[in-house]
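The values are calculated or read from the model by the stated rules, or taken from the named source; none is laboratory data. What you see is a predicted model; the values in this text were computed from it and never measured. Glycine also receives a Cβ, built like all others from the backbone with ideal geometry; neighbour counts cover every protein chain displayed.
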Amino acid sequence: MKKVEKSNEKESLLIDKEGINVITGKEAVVKSLIAEGVDLIFGYPGGAIMPVYDALYDYQDQIKHILTRHEQGATHAAQGYARVSGKVGVCIATSGPGATNLITGIADAQIDSTPMVCITGQVASHLLGTDAFQETDVVGISMPVTKWNVQVTRAEDIPGAIAKAFYIAKSGRPGPVLVDITKDAQFGEVDFQYKKCTNVRSYVPQPKVKLEAIQAAADLINNAKKPYILFGHGVLLGDAKEEFKTFVEKTGIPSAWTIMGLSALPTDHYLNVGMLGMHGNYGPNLLTNECDVLIAIGMRFDDRVTGDVSRYASQAKVIHLELDHAEIDKIIKADVAVVGNCKTSLQLITEAVKEGTHEEWLQKFRDCDEEENQKVINEELHPSDDKMISMGEVINLVSEASNGQATIVTDVGQHQMVAQRYYNYKRWRSNVTSGGLGTMGFALPAAIGAKFAQSENQVIAVIGDGGFQMTIQELGTIFQTKIDIKILILNNEFLGMVRQWQDLFFDKRYSSTEMVNPDFQTIARGYAIESNKVTERENLAAAVKEFVNHKGSYLLEVLVGKENNVFPMIPTGASVSEIRLD
Amino acid sequence: MEKKEFTISVFTEDQIGLLNRVSIIFTRRHINIESITASESEVKGVHRYTIVVNDAEDLVIKVVAQLDKQVEIVKSFYHETSEIVYQEIALYKLATSLIAAGGEAEKIVRKHNARFLSFDTEFTVIEKTGHKEETQRLFDELEPYGILEFVRSGRVAITKPMKEFAAYLAEIEIASAN
Ligand SMILES: Cc1ncc(C[n+]2csc(CCOP(=O)(O)OP(=O)(O)O)c2C)c(N)n1
């Protein structure tokens, strides 16, 4: 028997003797989130999700809702939160335009394997398919960019759908999921008994590591003369901090990172040889085509990393440690595939390998570094006096002032490459960037999410003048929530990265890349955010110090060389060994 | 790599929208689906899609891996045509006058061992089961006489290797580390 109390009281539920617990669907959404340990969500209200917002009003002491200024901002904030905490980020939006505004962030989370649960309101179930006001088929639209999604039309299905959503988002290779809930389901009634989801029959999130593969990998490593480790996001996602470090140190193998793997090993670790890919370091790219055993850990051979695949490491035996079996042989054929969580497989391989050092081989990386220093880095970090400020020297100063301890959230473009190349990342999971999708506008909202996840850490958003204006409205979120975000605008008055390509590959035909910008300080003032603008080198160091040490949010705009290019560079279609230093 | 005919069997949970997820994987890689059939399998609650494609094997392997990783796809396999037993069905609508006259059209139908499915004063429906070449041959021979309507089903296929899907189900449960 069930008793339902219809009243406006805080908890419209009654638990009777038989343990039946009837509540509304909207409340079930909130209670399900609480049951999953969620205490913070990012979102934006509207008609079809209003019942849930109404329920949230009653639970403000348990769930904090951050009102972003755009639904895209909510997704990136949820991503920033997830990336630094390892927890699931949650965002919530209304149907129609609210839901479609989530898509960019969902696609970003999908390609960068970020655990995220998105909850959208939907028109009432009897209106589905009728082109009702603010109806869009968000389940259909988001299908290619979600790990899983579902539409719920009955209140009793809400707890189960949310439980499954959290399980799928977080387990295995993480990703975004979307739960679309019709308005009538939010108003319906459910006997609320929350059971966490721990298994889906058709889904194997953690394949068991095969011992034969471990042995085969160890044999290759033990006999290698020039082994080389490439590490990616999988190390961070697999929570394999110690396992990875122990493996690297025991084997003494030079290790290079993809931009998603950055901060899995401190930048200044003696075996960290630097950055892979299009704007990565010289040695790590060049020597990919010289190693004899390539050990890829939790990375997926993105084309920005490999350049021309037909001329990529073809001399090497390839060991691929990867959780997602669909990544094996997708781009680069593996001689030994170790499928499973790298936290486990690294531990097993470490036991099976001999201790080693590779001094001579490491020396080759150092020689390459020397060449890169002379041709690129010295000038980037210490430009001659007649040159305008470079992005590299700003990042270098920020790195020193923050002692490599900040979480660096980057947007997309030249400044992104420069920040990752020159910041001295010392803390685990301290790099947050949009890697696979390259979403301009990511940094500001992602920094907000990162800060909410770890208030104890300094969060610095590094953004171009272009990307800043894609989600600039999130300054409003910072203003309202009073959080402490440091915003560094590297202003070259261009869509720099695109301009660089126009310079190098389109005869300097600067088609629609020049930007006439507003006065960013005036804008910051509108949001009561303190700011400074540096145009001369002599003021830079002091300004950076003040920026880093300021209590509360701060915007520092630095005018940098308008037509500076980021080097080294592997042109599209070239091989990693054709990397250009100028 | 050379293109060949492959039959992909996809075993899925019974879930709305899954067909969309499946087809997206083919669309993204520009693979044309030659035919697709969906039905329940021998395991209760598990659906089976039979998808025929004509493409390079290394691409098919990647697509199958991509299918396999979808949360609600239990397992996917691909087979060469020699590894399966398969069938299709085609229906042909002809004017009854053609058949009643006892002329060439009727002889053709009989020669092909096709079945008369339904008669009407105006039209007759003929059914032929067989591989595509066979149903096509009948079509080509009847065409000069006038075919009012024609439809061919997707392929249904049973694999020759003896391992049952239920055994894979059990394997999946073991393969899971937890
Ligand atoms: C949403 C979006 N639109 C377009 C692009 C293409 N794009 C890549 S980098 C870039 C220029 C970025 O300019 P800015 O933000 O000023 O940074 P900079 O490269 O100058 O450091 C553009 C337009 C993108 N990555 N994302």
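B:Asp14 falls short on exactly one of the conditions (1) over 12 Å from B:Ser76 (Cβ atoms); (2) in contact with a strand residue (DSSP E or B) (Cβ under 7 Å, 6 or more places away or on another chain); (3) away from chain A (no Cβ under 12 Å), and that condition is (3). Filtering segment A:264-280 to residues that are touching a Leu at 6+ places or on another chain (Cβ under 7 Å) and either surrounded by fewer than 24 Cβ atoms within 10 Å (Cβ to Cβ) or under 18 Å from A:Val412 (Cβ atoms) (or both) leaves A:Asn272, A:Leu276. Kindly provide the set of residues from segment A:430-456 that are away from the ligand (no atom under 16 Å from the Cβ) and either in the same structural domain as A:Ala78 (by TED's automatic domain parsing) or of a type in the set (Ser, Thr, Tyr) (or both), ordered by number. Selection gives A:Ser430, A:Ser455. For A:Val459, are the conditions met, namely being hydrophobic (A, V, I, L, M, F, W, C), closer than 22 Å to A:Ala74 by Cα, away from the ligand (no atom under 16 Å from the Cβ) and not assigned by TED's automatic domain parsing to the domain that holds A:Arg304? For A:Val459, the condition - hydrophobic (A, V, I, L, M, F, W, C), closer than 22 Å to A:Ala74 by Cα, away from the ligand (no atom under 16 Å from the Cβ) and not assigned by TED's automatic domain parsing to the domain that holds A:Arg304 - is met. Is it true that some residue in segment B:28-50 is in a loop (DSSP other than H, G, I, E, B), of a type outside the set (A, V, I, L, M, F, W, C), within 14 Å of chain A (Cβ to nearest Cβ) and under 17 Å from the mean Cα position of the chain (by Cα)? Yes, some residue in segment B:28-50 is in a loop (DSSP other than H, G, I, E, B), of a type outside the set (A, V, I, L, M, F, W, C), within 14 Å of chain A (Cβ to nearest Cβ) and under 17 Å from the mean Cα position of the chain (by Cα). For segment A:379-407, a residue qualifies if it is in contact (Cβ under 8 Å) with a residue 40 or more places away in the chain, polar (S, T, N, Q) and under 17 Å from A:Ile485 (Cα atoms), and the qualifying residues are A:Ser402, A:Gln405, A:Thr407. Within segment A:487-503, no residue that is over 22 Å from A:Val398 (Cβ atoms) sits with its Cβ atom under 7 Å from a residue that is of a type in the set (Phe, Trp, Tyr) and near the ligand (Cβ under 9 Å from one of its atoms) at 6+ positions apart or across chains. Of all positions in segment A:471-484, at least one carries a residue that is outside the structural domain of A:Asp303 (by TED's automatic domain parsing), farther than 21 Å from A:Glu546 by Cα and within 12 Å of the ligand (Cβ to nearest atom).
Quick grid of which residues meet (1) in a helix (DSSP H, G or I); (2) in contact with a Phe, Trp or Tyr (Cβ under 7 Å, 6 or more places away or on another chain); (3) within 14 Å of another protein chain (Cβ to nearest Cβ):
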| residue | (1), (2), (3) |
| --- | --- |
| A:Gly98 | yes, yes, no |
| A:Gln110 | yes, no, yes |
| A:Thr130 | no, no, no |
| A:Gln151 | no, no, yes |
| A:Arg173 | no, no, yes |
| A:Leu178 | no, no, yes |
| A:Gln186 | yes, no, no |
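The set of residues in segment A:399-429 being assigned to a helix (DSSP H, G or I) and more than 15 Å from the ligand (Cβ to nearest atom) consists of A:Ser399, A:Glu400, A:Ala401. Mind checking whether some residue in segment B:100-115 is of a type outside the set (S, T, N, Q), loosely packed, with under 14 Cβ neighbours inside 10 Å and part of a strand (DSSP E or B)? Within segment B:100-115, one or more residues are of a type outside the set (S, T, N, Q), loosely packed, with under 14 Cβ neighbours inside 10 Å and part of a strand (DSSP E or B).
Looking only at segment A:231-246, residues that are over 18 Å from A:Ser171 (Cα atoms) and touching a helix residue (DSSP H, G or I) at 6+ places or on another chain (Cβ under 6 Å) come to 3 in all. All of A:Thr410, A:Thr357, A:Thr350 fail the test of being touching a residue at least 60 places away in the same chain (Cβ under 8 Å) and either surrounded by fewer than 14 Cβ atoms within 10 Å (Cβ to Cβ) or under 17 Å from A:Thr267 (Cβ atoms) (or both), apart from A:Thr357. Within segment A:498-544, work out how many residues are away from the ligand (no atom under 16 Å from the Cβ), assigned to a strand (DSSP E or B) and surrounded by fewer than 17 Cβ atoms within 10 Å (Cβ to Cβ). The number of residues fulfilling the criteria is 1.
Of all residues in segment A:215-232, those that are under 20 Å from A:Ile332 (Cα atoms) have Cβ atoms under 6 Å from Cβ atoms of residues that are part of a loop (DSSP other than H, G, I, E, B) and among the polar types (S, T, N, Q), 6 or more apart or on another chain, in A:Gly232/A:Thr258. The residues of segment B:54-102 that are of a type in the set (Val, Ile, Thr) and in contact with a strand residue (DSSP E or B) (Cβ under 7 Å, 6 or more places away or on another chain), listed by number, are B:Val60, B:Val64, B:Val71, B:Ile73, B:Val74, B:Thr81, B:Ile84, B:Val85, B:Ile89, B:Thr96, B:Ile99.
Considering B:Ala167, B:Ala114, B:Ala90, B:Ala157, the condition of being more than 14 Å from chain A (Cβ to nearest Cβ), of a type in the set (A, V, I, L, M, F, W, C) and without any contact (Cβ under 8 Å) to a residue 12 or more places away in the chain is satisfied by B:Ala167 alone. Candidates A:Thr258, A:Thr182: the one that is crowded, with 21+ Cβ neighbours inside 10 Å, of a type in the set (S, T, N, Q), within 25 Å of the chain's Cα centre (by Cα) and modelled with pLDDT of 95 or more is A:Thr258.
Does any residue of segment B:54-63 turn out to be closer than 18 Å to A:Trp148 by Cβ and within 13 Å of another protein chain (Cβ to nearest Cβ)? The answer is no; no qualifying residue exists.
Filtering segment B:1-28 to residues that are surrounded by 19 or more Cβ atoms within 10 Å (Cβ to Cβ) and without any contact (Cβ under 8 Å) to a residue 40 or more places away in the chain leaves only B:Phe26.
Pairing each residue of segment A:116-145 that is closer than 12 Å to A:Ser95 by Cβ with any residue that is small (Gly, Ala, Ser) and at pLDDT below 95, provided the two are 6+ apart or on different chains, yields C-beta distances under 8 Å for A:Val139/B:Gly17.
Given the criteria in contact with a Lys or Arg (Cβ under 9 Å, 6 or more places away or on another chain) and not in a strand (DSSP E or B), does A:Ala169 qualify? Yes; evaluated as a whole, the condition is true for this residue. Answer yes or no: is there a residue in segment B:129-151 that is within 23 Å of B:Glu83 (Cα to Cα) and either touching a helix residue (DSSP H, G or I) at 6+ places or on another chain (Cβ under 7 Å) or assigned by TED's automatic domain parsing to the domain that holds B:Thr7 (or both). No, segment B:129-151 contains no residue that is within 23 Å of B:Glu83 (Cα to Cα) and either touching a helix residue (DSSP H, G or I) at 6+ places or on another chain (Cβ under 7 Å) or assigned by TED's automatic domain parsing to the domain that holds B:Thr7 (or both).
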